[in-house]
Each structure stands twice: as C-alpha cells, then as structure tokens.
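Presented below is the structure to which this report refers.
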Amino acid sequence: MEYYKINVAGVERDLPIVPISDKLSIAAFVIFGDTDVVEPCARALAEKLPPVDYLITAEAKSIPLIYEMAKVMKMPRYVIARKSVKGYMANPIITHVNSITTKNEQILCLDEEDVERIRGKRVAIIDDVISTGASLAALEQLIAEAGGEIVARAAILTEGDANDREDLIALGQIPLFFKD
C-alpha cells in the first residue's frame, strides 16, 4: 500500500492512498479514535475562527472534532446535521448531497430545535476534509433555510479543488491522486 505523509497541527500521519473509483484515489484521513490528532487540530482550528455562536457539522466523521472544538471554545452546544430523519425529530428541514467519499445520494437534516437554535446566529461550518464542497454546499443550504448566518467554513484539511478556495479556513492540504 502507498501512503501520503502529512504534518497537521504538529502531528505526523501516514495516510493510506485508497481508490474511491477506477480513476481516483484519496489519501484517507480518518480521525475516528485518533485523539492525538483531534485535540490539537480542534485547538488550532478554534484559534482561526471569527466569533461564532454555533458550530455545525455533517454526521459523522467530524463529530469528534466539533465536540473537541466546542469544549475548547467553551460552547455549551454544537449542531450536527443528521444523515437520516430520526423519530424524535420534529419538522425537520432536509437537503440532498452527493459526497466524494459516498457512492449514493444522501440527505442531511436538522430538526426544528436546531433550526430555532441557529436562526439569526453566527454559524461556523466544520469538517474534517473538504474536497468537492458538496457536503459544504448542503450544510450552507440548511443553514440558509434555518436563517443562520455563515461566518466561517473550516476543515482540518482541504483536497482537490478545495485547495484553491480562499473562503476556507484549513490547517493543511492534501492532493487527489488520478490514474491516467
């Protein structure tokens, strides 16, 4: 297996290069269970954000990051856009997304409590990796529908086209790997 070496927030990792299609591979950056990466990245990202009222992320890979960021920023709550409507959700708002790392279309949704929570508030979108921006756009749509104000878009890493975006706060970049 091939690896891509990164150093992010002072932590080195060898990311396995894995195919996601016949022509495209990615350097897989998975933060689940890696507290040695999550904690310093959360602190570093939190320092780069403007003043915000809420942090929001899409379920699921960025949940450890947003949790740690909320702790660092002394925020009592954060918001997670769920990938399915749960029985306890009242009047959810829903949008659709096609992520680079997911084969099928998915949904992202917020229940009315989270909608009320972010209405009129300054919101920062948080992710582990931003690549095509599809998940980011879906979150932007949910926040707009909820009446929140997006003041920042942040990720530990950007990859591919997102590496050239000037509206993203990131701690580092990784390339995409194309087969000829």
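Any idea which of C41, C109 is open to solvent by less than 50 Å² (accessible area, probe 1.4 Å), under 30 Å from S21 (Cβ atoms) and part of a helix (DSSP H, G or I)? Step through it out loud before you land on a result.
On the way: C109 fails: part of a helix (DSSP H, G or I).
The conditions single out C41.
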* **Sole exception among (1) open to solvent by 50 Å² or more (accessible area, probe 1.4 Å); (2) at pLDDT 95 or above; (3) not in a helix (DSSP H, G or I) for A170, by number** => (1)
* Structure fact -> Those residues of region 19-44 which are farther than 28 Å from K71 by Cα, without any contact (Cβ under 8 Å) to a residue 60 or more places away in the chain and either in contact with a strand residue (DSSP E or B) (Cβ under 6 Å, 6 or more places away or on another chain) or of a type in the set (F, W, Y) (or both) amount to P19
* Scan region 153-163 for residues that are within 12 Å of the chain's Cα centre (by Cα) and either of a type outside the set (S, T, N, Q) or open to solvent by 10 Å² or more (accessible area, probe 1.4 Å) (or both) and jot them down. => R153, A154, A155, I156, L157
* Those residues that are in contact (Cβ under 8 Å) with a residue 60 or more places away in the chain and outside any loop (DSSP other than H, G, I, E, B), I need them from region 79-102; list them, please. => A81
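For (1) aromatic (F, W, Y); (2) under 17 Å from the mean Cα position of the chain (by Cα); (3) open to solvent by 10 Å² or more (accessible area, probe 1.4 Å); (4) at pLDDT 95 or above, each residue gets a yes or a no:
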| position | (1), (2), (3), (4) |
| --- | --- |
| T101 | no, yes, yes, no |
| N104 | no, no, yes, no |
| E116 | no, no, yes, yes |
| A124 | no, yes, no, yes |
| A134 | no, yes, yes, no |
| Q141 | no, yes, yes, no |
| G147 | no, no, yes, yes |
| I150 | no, yes, yes, yes |
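Condition first: touching a strand residue (DSSP E or B) at 6+ places or on another chain (Cβ under 8 Å) and without any contact (Cβ under 8 Å) to a residue 24 or more places away in the chain. Now tell me which residues in region 57-78 satisfy that. Talk me through it step by step, then tell me what you get.
Step one: of region 57-78, the residues touching a strand residue (DSSP E or B) at 6+ places or on another chain (Cβ under 8 Å) are 57-59, 61-63, 65-66, 69-70, 73, 75, 77-78.
Within region 57-78, I63, A70, M75 meet the criteria.
The values are calculated or read from the model by the stated rules, or taken from the named source; none is laboratory data. Bear in mind that the values here come from a model prediction, so they are computed numbers and not experimental data. For neighbour counting, all protein chains shown are included, and Cβ atoms are generated from backbone atoms with ideal geometry for every residue, glycine included. Note: accessible area is taken over every heavy atom of the protein model, side chains too, but ligands, DNA and RNA are not part of it. Shrake-Rupley method; radii C 1.70, N 1.55, O 1.52, S 1.80 Å.
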